[in-house]
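**Student:** One structure is given below, represented as structure tokens, and several questions about it will come after.
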Amino acid sequence: MKEVIAQRVRAVPPSGIRKFFDVAATMDDVISLGIGEPDFTTPQHICQAGILSLQRGETSYTCNAGMIELREGLASHLADLYGVHYDPAEELLITVGVSEALHLALLTVVEPGDEVIIPEPCFVSYKPGIIFAGGTPVVVEAKVENGFQIRAGEIERAITPKTKAILIGYPNNPTGAVMDRERLTEIASLAEKYDLIVLSDEIYDRLVYGVPHVCFSSLPNMSERTILLGGFSKSYAMTGWRLGYAAAPAEILAGMHKVHQYIIMCAPTAAQVAAIEALRNGEDAVQEMLHQYDQRRRVIVQGLNSIGMPCFEPRGAFYAFPSIRNTSLSSEEFSERLLFEQKVAVVPGNAFGDSGEGFVRCSYATSLVDIEEALGRMEDFTKKHGK
Ligand SMILES: Cc1ncc(COP(=O)(O)O)c(C=O)c1O
């Protein structure tokens, strides 16, 4: 029989995150620091808006681009938060999570053979998304000594005549790093100098602790070459509703809209109604969750540092990314043994690319009690396996 599976699919390994979840799910008494989603349920008033929409019988498709009320709400939200201005009719598209928006963006701008630069460690979908779109991912390492902020000079060295775009994701999964304005402005200058598109995944934009989030398209001259990707999953604890958006210049957005029309048609209707409520009345809940994440962040970072797992201070998202170099284990060995010996699930750093080796990702989207118990178990583990 001929090879059935297309090369672009064979070229991509299964996600290194799920592998650990699947094993952990079969064991008792496991504390999971592996999960990349809020442990909160969606605020009740947002759920209620979705339920009422279903009860009113709003069970059909919406317009392909998403409900205009939602796009209008989003346009004001982005203008209020970041001073960026998007036309709800032509420059905003409602998608099935940032996941869909990311793939639409890549399918729309990447020609076969184009190179897309990605700072690493990075979210697991970036490389596969580029490969599925026929492009070539070009990895640039974001180093711990630079607070995991990617440096423009390092990006510039990776630029070739084939480079089409840079794909950045800050606040970052898995490191928790936030880019400051100065560093982002240097990347913006490169984008202008080499005429590149910037895909900016800002799904964690609301989850920053004591530092501002700088929206990439708010930088001078950047709105014309940025595809801004955002969503509801993390800020409003709405992962299961599957709702995100893309904001981009009208021409790019029209291309993405075309792909979205043929692949998805529209995002779920009840989820769109719930998202309108989230934008209108969700701010208190965002602030409350942020406050709780921040408390946990302080506990986990301090705890990891005190048990011999040096940890850069994350200022965004809900991940800590400590070094495991005080043991002689690889990140996979560390994660596997920690799971079997101490029943704590973390994600090996190499799941986020080779640059993540020597680290593990610990999510603090879990209760303080569990974080403290996990730290105790990890201390026993590091004592046993320390060099
Ligand atoms: C950096 C990043 N981008 C995108 C996504 C996908 O989010 P969504 O639920 O909106 O598809 C995630 C989910 O973990 C993520 O961490």
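Every number in this text was worked out from the coordinates using simple rules, so none of it is lab data. Note that the coordinates shown come from a computational prediction; the quantities given were computed from them, not determined experimentally. Because the Cβ atoms are built from the backbone with ideal geometry, glycine has one as well, and the counts that use them run over all protein chains shown.
**Student:** As a quick test, which of the pairs LYS234/LYS384; LYS2/LYS164; LYS143/LYS234; LYS143/LYS383; LYS127/LYS193 have an alpha carbon distance above 30 angstrom in this structure?
**Tutor:** Distance filter (> 30 Å) returns LYS234/LYS384; LYS2/LYS164.
**Student:** Considering only the other residues whose Cβ falls under 10 Å of the Cβ of SER32, what net charge follows from Lys and Arg at +1 and Asp and Glu at -1?
**Tutor:** -1
**Student:** Would you look at the GNM of the chain, springs on alpha carbons closer than 10 Å, and say which of ARG157, ARG296, ARG242 moves the most?
**Tutor:** Among ARG157, ARG296, ARG242, the largest GNM mean-square fluctuation belongs to ARG157.
**Student:** Further question on the same structure: Run the numbers for TYR194 and MET1: contour at 0.36 nm per residue of separation, minus the present Cα-Cα distance, in nm.
**Tutor:** 64.9 nm
**Student:** Stretch GLU357-VAL12 to full length: gain in nm at 0.36 nm per residue minus the Cα-Cα span?
**Tutor:** Roughly 122.3 nm would be gained on extension.
**Student:** Set Lys and Arg Cβ to +1 and Asp and Glu Cβ to -1, take the dipole of the chain about its Cα centre, and tell me which of ALA79, PHE21, GLY169 lies farthest positive.
**Tutor:** Going by the Cα projections, it comes out as PHE21.
**Student:** Relative to a virtual label point 7 Å from the Cα of LEU368 in the Cα→beta-carbon direction, which members of region 262-289 show backbone nitrogen distances below 17 Å?
**Tutor:** 288-289
**Student:** While we're on this one: Given labels modelled 7 Å from the Cα in the Cβ direction, how far is it in nm from ASN146 to ARG325?
**Tutor:** Placing both labels 7 Å beyond Cα along the Cβ direction yields 1.7 nm.
**Student:** Using 0.36 nm per residue, how much length does the chain from GLU313 to ILE263 gain when fully extended, once their Cα-Cα distance is taken away?
**Tutor:** Length gained between GLU313 and ILE263: 14.0 nm.
**Student:** Mind running the shape call on region 184-243? Use the C-alpha gyration tensor, a ≥ b ≥ c as the square roots of the eigenvalues: rounded below 1.5 for a/c, prolate if a/b tops b/c, oblate otherwise.
**Tutor:** Oblate, because a/c is 1.5 or more while a/b does not exceed b/c.
**Student:** May I pose another question? Hey, what number do you get for the chain at 222 nm if only DSSP H runs of n ≥ 4 count, each worth -39500 (n - 2.57), divided across all residues, to the nearest 500?
**Tutor:** When only DSSP H runs of four or more count, the value is -12500 deg cm²/dmol.
**Student:** Take the Cβ-Cβ distance between GLU186 and LEU52 as r, set R0 to 41 Å, and report the resulting FRET efficiency rounded to the nearest 0.05.
**Tutor:** Once rounded, the FRET efficiency stands at 0.30.
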